[in-house]
1. Say whether the condition of being within 18 Å of the chain's Cα centre (by Cα), surrounded by fewer than 11 Cβ atoms within 10 Å (Cβ to Cβ) and at pLDDT below 80 is met by at least one residue in the range 66-78.
2. Any idea how many residues of the range 1-35 are surrounded by 15 or more Cβ atoms within 10 Å (Cβ to Cβ), among the hydrophobic types (A, V, I, L, M, F, W, C) and over 15 Å from the mean Cα position of the chain (by Cα)?
Amino acid sequence: MPTGGLIHTPRQAAEHIMALPKFESHKEPWQQAMEILIEAAEGRNPIMFAKIAVNRVVGFEPRYVPAKAASPEMKFHHRRKLVRDR
């Protein structure tokens, strides 16, 4: 969130949206987020959709950490030789 806090529950998201000034909460992205949040609360949409909608409006970008490269210390099993190659 812009204030530095985090939204952990749908109730906190709803309280944050209700605390917005009218000129901000009547913008189209906030209206869509509220609609999806209400549908999730009623069981018509998954909670994940509401989380994504609120994160988009707030401007939260998830950080993806790339996978670690294989280090030389890692021991890999060698393929067994076939009988014909022995």
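The values are calculated or read from the model by the stated rules, or taken from the named source; none is laboratory data. Keep in mind it's a predicted model, so treat the numbers as computed, not measured. Glycine also receives a Cβ, built like all others from the backbone with ideal geometry; neighbour counts cover every protein chain displayed.
1. Yes, the conditions are met somewhere in the range 66-78.
2. So the count comes out to 4.
Every residue, every condition in (1) aromatic (F, W, Y); (2) modelled with pLDDT under 80; (3) more than 12 Å from V58 (Cβ to Cβ); (4) not in a loop (DSSP other than H, G, I, E, B), yes or no:
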site: M1; (1), (2), (3), (4): no, yes, no, no
site: I7; (1), (2), (3), (4): no, yes, no, no
site: E15; (1), (2), (3), (4): no, no, yes, yes
site: L20; (1), (2), (3), (4): no, no, no, no
site: E24; (1), (2), (3), (4): no, no, no, yes
site: P29; (1), (2), (3), (4): no, no, no, yes
site: A33; (1), (2), (3), (4): no, no, no, yes
site: I38; (1), (2), (3), (4): no, no, yes, yes
site: R44; (1), (2), (3), (4): no, no, yes, no
